[in-house]
Amino acid sequence: MDKIITGHLGEITKKNPERKGWFIGHFINDNPDFKNDDFEVSYVEHPKGSIKPGMKAESSAKTLTILISGNYLVRFPGKKIVLSKPGDYLFYDACETDHAAEASEDSIVLTVRWPSKR
């Protein structure tokens with residue numbers, strides 16, 4: 001039989017707040033099944049009004065952010081993107097684009113970033 005793993009992403013991310021929602025990536029040392037040099041995945045439950053300050057990645061990191069629920073505003077210099085319907089997504093290179101975000105209502109966001117190894 002193949003290996004099967006189940007769980008709840010909200011519980012995983014709350015146990016490791018220092019990871020800021022990231023649960024797959026090169027930096028995951030406590031779960032070999034989720035350690036991956038090719039990509040990273042995060043799951044974040046943002047309460048209404050939470051703000052993620054501006055940031056850039058240190059090296060090229062293609063990023064795909066997908067709204068699961070809620071309303072999530074991402075600010076880039078001179079541009080605002082609103083993810084308002086489940087399935088709305090945003091793609092950008094995190095090292096080239098300074099960005100900040102805010103949850104306009106309780107929101108759940110899934111982000112995939114590649115590569116993971118930096």
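The values are calculated or read from the model by the stated rules, or taken from the named source; none is laboratory data. The structure displayed is predicted, hence computed values, not measured ones. So basically every Cβ, Gly included, is an ideal-geometry build from the backbone, and we count neighbours across all protein chains shown.
For the reader, a short list of remarks on this structure follows.
- Residue in segment 10-27 that is of a type in the set (Gly, Ala, Ser) and either more than 22 Å from LEU64 (Cβ to Cβ) or free of Cβ contacts under 8 Å to residues at least 60 places away in the same chain (or both) present: yes
- Within segment 66-92, tally of residues that are hydrophobic (A, V, I, L, M, F, W, C) and touching a Gly at 6+ places or on another chain (Cβ under 9 Å): 4
- Only one entry of TYR92, TYR72 meets the criterion of being aromatic (Phe, Trp, Tyr), part of a strand (DSSP E or B), without any contact (Cβ under 8 Å) to a residue 60 or more places away in the chain and more than 18 Å from LEU9 (Cβ to Cβ), and that entry is TYR92.
- Qualifying residues in segment 45-64 (those that are modelled with pLDDT under 95 and under 16 Å from ILE24 (Cα atoms)) - the one surrounded by the fewest Cβ atoms within 10 Å (Cβ to Cβ): LYS62
- Any chance TYR72 is surrounded by 13 or more Cβ atoms within 10 Å (Cβ to Cβ), among the aromatic types (Phe, Trp, Tyr) and over 14 Å from HIS46 (Cβ atoms): no
- Yes/no for LEU83 being over 20 Å from ILE24 (Cα atoms) and either exposed (fewer than 13 other Cβ atoms within 10 Å of the Cβ) or modelled with pLDDT of 95 or more (or both): yes
- ILE68 of a type in the set (Val, Ile, Thr) and more than 16 Å from the chain's Cα centre (by Cα): no
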